[in-house]
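Novice: Attaching a single structure in structure tokens format; questions to follow.
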Amino acid sequence: MKTDPDTLRTVLVTDCGSTTTKALLFEKTGEGWRQTHRGEAPTTVEQPVADVTAGALNAFAEVEEISGRQILTADAAPDGAPFVESGEDPARGIDLYLSTSSAGGGLQMTVAGVVRQMSAESAERAALSAGAIVMDAISADDGREDHQRIQRLRHLRPDIVLLTGGVDGGSQEHVVEMAETLVAASPRPRFGDSLRLPVIYAGNSHAVDDVRGILEKAAQVAVVDNVRPTLDAENLGPAREAIHEFFLTHVMSHSPGYDKLLRWTPTPVMPTPAAVGDMVRGYAGSTGRALLCVDIGGATTDVFSVFENRDGEPVFNRTVSANLGMSYSVANVLIEAGAGSIGRWLPYHLDATELRDRLRNKMIRPTSIPQTLEDLWLEQAVCREALRLALVHHRSLAVGLSGVQQQRGIADIFSQTAGRSDLVDMMSLDLVIGSGGVLSHAPDRMAAALMILEGFELQGFTQIAVDSIFMMPHLGVLASVHPEAAREIFLHDCLVNVGHAAVPVYSRKRRAGSLLAEVSVDGARSGAITAGAVGHVPLDAGAAARIIIEPAARDVDVGAGPGAALLREFTTGLCGLILDGRNRPLRTPASREQEVAARKGVMEELGLAGS
């Protein structure tokens, strides 16, 4: 198949998810690259089919039927690709097939290091940025006994283990002990019972020979550069590349049916989160914007961010909250947030017992969808809490390094927490992108905007967008072959500009209804932001506009610093401008009656009372 970007005209891309395989057709039209047709089918990685290509072929057949383009051959060889290659007939065949995958639970890893807030944390960032779910982070200072760590490793059965620890030239004792613990556990990988567990060593380079000698007794070992060569530096690239290599050779190739899928495409199959991450990182890099992206699914919630560090350099981070989701993990959201926190977002009274029962029913019937407005509002309330909790988790890992320069002993390193800086600055955030069924397929785009606004507690002046049909994984793998086409489709067909939020924060307590800021759009006064209230300014979508937000007091910060006016040029979205005068963090009224009244007021102001 063709891989030269200049020769590509038709590209078929699948994302093999845990429940659904989604196939998208990308074509170069007279107006440029566009997403033209879509098909989907249940993923078939589990019994009784146990062959991921069966679901992929069903999705291809749907694209064929909808598009009228012949894609599949009638007599494909058992070991060959089933596609008709493009030729002179523009309505027949494809030039290239690509795929991402999170089927079978995706890439599941365990990381191990010496110090939790140093080497183990760097290892976790490397694994997460490679698209993995980190099932556990084990460290010498995690408070567990050796037998507990061994039992945990045996129970988890990770696909890959990433072992780190020690700066180059530093102490070797603790990382060698971690290697011995790993060998004592001798965990079996999920797939390919006859295989030895893949282990990547990315720790102290002076301990390579000792660690390799220990690990090779029970694992297949790859040695790469240290993820934390010094206390104030991180080097995640080599470990990330090694993870991708093991993912292809030891995880994908031994998963049911993936050996055939790998032969169908001339480029590597990417983990779905890694493809989304590449798209986020590429867009942030090309625009220079501070960006936050969330993918909220049935079982997990992924958060991606790009913010500048203290040196002004953009830093990409990804986290996955494996226990927060909208169906399989909805009961975990209930446990972590509590019925009261979920109930505060409802515009009607719902007894806590009934709320718990409804969410437990959703967990045991994960494919069901809301049948009434009350069910929909409850689902959206859960979404807000899942977003809030996922962002808390993300902020705990998206931190700057300590920057410590001096030589320290191991006792000092264990206690080192000073100087860690939070990279996620909500006041400097330019764009937030929401993805996942509850956001991408919300019946009203304003409802999606409000979920993101309240779940993430946005501040300052922020653009809110959604991924139209969860296309970012497909575009991420397309970008590895044809970045220009991926970017064009992303801007035209994927990124839906929902609107903008203007949210002042202030230090002094304000009387409800008191003026916080004046808002002008294109030189005309458009509205006022008042304490405790939410307002809406309708704007014609797709127009270039200029906004000025002027604080009414010195302690009010609208995004330019306390008391300073904010001026921005922006492109208007579908839902115009949301004016939010509720201070951060969001506080709820004391009584349930006041909560319900407040929710009804916000929804009526934004036109959501009957949606």
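Novice: Taking only the stretch 26-63 into account, find how many residues are of a type in the set (D, E, K, R) and assigned to a strand (DSSP E or B). Explain how you work it out, then say what you get.
Specialist: Narrowing the stretch 26-63 to residues of a type in the set (D, E, K, R): 27-28, 31, 34, 38, 40, 46, 51, 62.
In the following step, the residues that additionally are assigned to a strand (DSSP E or B) were identified as 27-28, 34, 38, 40.
Residues meeting the conditions: 5.
Novice: In the stretch 1-18, which residues are within 30 Å of the chain's Cα centre (by Cα), among the β-branched types (Val, Ile, Thr), surrounded by fewer than 16 Cβ atoms within 10 Å (Cβ to Cβ) and more than 11 Å from residue 478 (Cα to Cα)? Give the derivation first.
Specialist: So in the stretch 1-18, the residues within 30 Å of the chain's Cα centre (by Cα) come out as 3-5, 8-18.
If we keep only those that are among the β-branched types (Val, Ile, Thr) as well, we get 3, 10-11, 13-14.
Applying the additional criterion that residues be surrounded by fewer than 16 Cβ atoms within 10 Å (Cβ to Cβ) yields 3.
Scanning the stretch 1-18 gives no hits.
Novice: Hey, any hits in the stretch 280-288 for a residue that's under 13 Å from the mean Cα position of the chain (by Cα), within 24 Å of residue 462 (Cα to Cα) and surrounded by 18 or more Cβ atoms within 10 Å (Cβ to Cβ)? Spell out the reasoning first.
Specialist: First pass over the stretch 280-288, keeping only residues under 13 Å from the mean Cα position of the chain (by Cα): 280-281.
Now restrict to residues that are within 24 Å of residue 462 (Cα to Cα): 280-281.
Pick out the ones that are also surrounded by 18 or more Cβ atoms within 10 Å (Cβ to Cβ) and you get 280-281.
Yes - at least one qualifying residue is present in the stretch 280-288.
Novice: Still on this model: Do you know which residues across the stretch 1-25 are farther than 28 Å from residue 300 by Cβ, in a strand (DSSP E or B) and touching a Lys or Arg at 6+ places or on another chain (Cβ under 6 Å)? Walk me through how you get there before you give the answer.
Specialist: Filtering the stretch 1-25 for residues farther than 28 Å from residue 300 by Cβ gives 1-10.
Still in the running and in a strand (DSSP E or B): 10.
Within the stretch 1-25, none qualify.
Novice: Would you mention how many residues in the stretch 92-116 are modelled with pLDDT of 85 or more and either surrounded by fewer than 24 Cβ atoms within 10 Å (Cβ to Cβ) or assigned to a loop (DSSP other than H, G, I, E, B) (or both)?
Specialist: Counting residues in the stretch 92-116 that are modelled with pLDDT of 85 or more and either surrounded by fewer than 24 Cβ atoms within 10 Å (Cβ to Cβ) or assigned to a loop (DSSP other than H, G, I, E, B) (or both) gives 8.
Novice: Look at residue 589 and say whether it is over 27 Å from the mean Cα position of the chain (by Cα) and under 20 Å from residue 532 (Cβ atoms).
Specialist: Numbers: over 27 Å from the mean Cα position of the chain (by Cα): yes; under 20 Å from residue 532 (Cβ atoms): yes.
For residue 589, the condition - over 27 Å from the mean Cα position of the chain (by Cα) and under 20 Å from residue 532 (Cβ atoms) - is met.
Novice: Moving on to the next point. When you scan the stretch 422-464, how many residues do you find that are under 28 Å from residue 328 (Cα atoms) and part of a loop (DSSP other than H, G, I, E, B)?
Specialist: Residues of the stretch 422-464 under 28 Å from residue 328 (Cα atoms): 432-458, 464.
When the remaining residues are screened for being part of a loop (DSSP other than H, G, I, E, B), the result is 436, 441-444, 456-458.
Within the stretch 422-464, residues that are under 28 Å from residue 328 (Cα atoms) and part of a loop (DSSP other than H, G, I, E, B) number 8.
Novice: Another question about this same structure. Which residue, of 246, 316, 307, is over 18 Å from residue 476 (Cβ atoms), of a type in the set (Phe, Trp, Tyr) and within 17 Å of the chain's Cα centre (by Cα)? Walk me through how you get there before you give the answer.
Specialist: Working: 246 fails: within 17 Å of the chain's Cα centre (by Cα); 316 fails: over 18 Å from residue 476 (Cβ atoms).
Residue meeting the stated conditions: 307.
Novice: Okay, moving on. Only residues in the stretch 375-394 that are under 13 Å from residue 345 (Cα atoms) count as the first member; pair them with residues that are among the acidic types (Asp, Glu) and outside any helix (DSSP H, G or I), Cβ under 8 angstrom, at least 6 apart or cross-chain, and list the lot.
Specialist: 388/457
Novice: Under 6 Å by Cβ, and 6 or more places apart or on different chains, what pairs join a residue from the stretch 588-611 that is without any contact (Cβ under 8 Å) to a residue 24 or more places away in the chain with one that is part of a loop (DSSP other than H, G, I, E, B)?
Specialist: Matching pairs, first to second residue: 598/589.
Novice: For the stretch 308-325, which positions are buried (at least 20 other Cβ atoms within 10 Å of the Cβ), more than 13 Å from residue 397 (Cα to Cα) and touching a Leu at 6+ places or on another chain (Cβ under 9 Å)?
Specialist: The one that is buried (at least 20 other Cβ atoms within 10 Å of the Cβ), more than 13 Å from residue 397 (Cα to Cα) and touching a Leu at 6+ places or on another chain (Cβ under 9 Å): 324.
Novice: Among what's in the stretch 498-523 and is without any contact (Cβ under 8 Å) to a residue 40 or more places away in the chain and hydrophobic (A, V, I, L, M, F, W, C), pick the residue that is farthest from residue 579 (Cα to Cα).
Specialist: Start the filter on the stretch 498-523 by keeping residues that are without any contact (Cβ under 8 Å) to a residue 40 or more places away in the chain, which leaves 509, 511-515, 518, 520, 522-523.
So of that shortlist, the ones also hydrophobic (A, V, I, L, M, F, W, C) come out as 512, 515.
On the way: 512: 15, 515: 12 Å.
Across the stretch 498-523, the extreme among qualifying residues is 512.
Novice: Would it be correct to say that residue 561 is over 28 Å from the mean Cα position of the chain (by Cα), exposed (fewer than 14 other Cβ atoms within 10 Å of the Cβ) and not β-branched (Val, Ile, Thr)?
Specialist: Considered against the rule, which asks whether it is over 28 Å from the mean Cα position of the chain (by Cα), exposed (fewer than 14 other Cβ atoms within 10 Å of the Cβ) and not β-branched (Val, Ile, Thr), residue 561 comes out as yes.
Novice: Out of 515, 495, I need the residue that is of a type in the set (A, V, I, L, M, F, W, C) and surrounded by fewer than 18 Cβ atoms within 10 Å (Cβ to Cβ). Which one?
Specialist: Numbers: 495 fails: surrounded by fewer than 18 Cβ atoms within 10 Å (Cβ to Cβ).
So the residue among 515, 495 that is of a type in the set (A, V, I, L, M, F, W, C) and surrounded by fewer than 18 Cβ atoms within 10 Å (Cβ to Cβ) is 515.
Novice: Report, by residue number, each residue of the stretch 231-279 that is touching a Gly at 6+ places or on another chain (Cβ under 9 Å), surrounded by fewer than 18 Cβ atoms within 10 Å (Cβ to Cβ) and hydroxyl-bearing (Ser, Thr, Tyr).
Specialist: Across the stretch 231-279, the qualifying residue is only 253.
Novice: Filter the stretch 441-474 for residues that are of a type in the set (Gly, Ala, Ser) and within 18 Å of the chain's Cα centre (by Cα); which is nearest to residue 497 (Cα to Cα)?
Specialist: The first filter runs over the stretch 441-474 and keeps only residues of a type in the set (Gly, Ala, Ser), leaving 442, 447-449, 455, 460, 465, 468.
So of that shortlist, the ones also within 18 Å of the chain's Cα centre (by Cα) come out as 448-449, 455, 465, 468.
Working: 448: 11, 449: 10, 455: 18, 465: 5, 468: 10 Å.
Across the stretch 441-474, the extreme among qualifying residues is 465.
Novice: Here's another thing I want to ask about it. Condition test on residue 185, is it touching a Lys or Arg at 6+ places or on another chain (Cβ under 7 Å), modelled with pLDDT of 90 or more and among the hydrophobic types (A, V, I, L, M, F, W, C)?
Specialist: yes
Novice: Follow-up. Does residue 214 satisfy the condition of being among the β-branched types (Val, Ile, Thr) and either under 30 Å from residue 46 (Cβ atoms) or in contact with a Gly (Cβ under 7 Å, 6 or more places away or on another chain) (or both)?
Specialist: Numbers: among the β-branched types (Val, Ile, Thr): yes; either under 30 Å from residue 46 (Cβ atoms) or in contact with a Gly (Cβ under 7 Å, 6 or more places away or on another chain) (or both): no.
When the stated conditions are applied, residue 214 does not pass them.
Novice: Within the group 552, 590, which residue is of a type in the set (A, V, I, L, M, F, W, C) and either exposed (fewer than 14 other Cβ atoms within 10 Å of the Cβ) or in contact with a Ser or Thr (Cβ under 7 Å, 6 or more places away or on another chain) (or both)? Break it down stepwise before answering.
Specialist: Values: 552 fails: either exposed (fewer than 14 other Cβ atoms within 10 Å of the Cβ) or in contact with a Ser or Thr (Cβ under 7 Å, 6 or more places away or on another chain) (or both).
Every option except 590 fails the conditions.
Novice: All but one of (1) at pLDDT 70 or above; (2) β-branched (Val, Ile, Thr); (3) not in a helix (DSSP H, G or I) hold for residue 417, so report the exception by its number.
Specialist: Status for residue 417: all satisfied but (1).
Novice: Of all helices (runs of 4 or more DSSP H) completely enclosed by the stretch 117-210, which ones contain at least 2 residues that are farther than 25 Å from residue 280 by Cβ and touching a residue at least 12 places away in the same chain (Cβ under 8 Å)? Break it down into steps so the answer makes sense when it comes.
Specialist: Values: elements: 121-129, 146-156, 173-185.
Correct list: 146-156, 173-185.
Novice: With a cut-off of at least 1 residues that are small (Gly, Ala, Ser) and in contact with a strand residue (DSSP E or B) (Cβ under 6 Å, 6 or more places away or on another chain), name the strands (runs of 3 or more DSSP E) lying wholly within the stretch 476-582. Write out each step before concluding.
Specialist: Working: elements: 495-503, 515-521, 524-530, 534-537, 544-551, 566-571, 577-580.
Answer list for the stretch 476-582: 495-503, 515-521, 524-530, 534-537, 544-551.
The values are calculated or read from the model by the stated rules, or taken from the named source; none is laboratory data. No experiment lies behind these values; they were computed from the predicted model shown. Methodologically, a virtual Cβ is constructed for each residue, glycine included, from the backbone with ideal geometry; neighbour enumeration extends over all protein chains shown.
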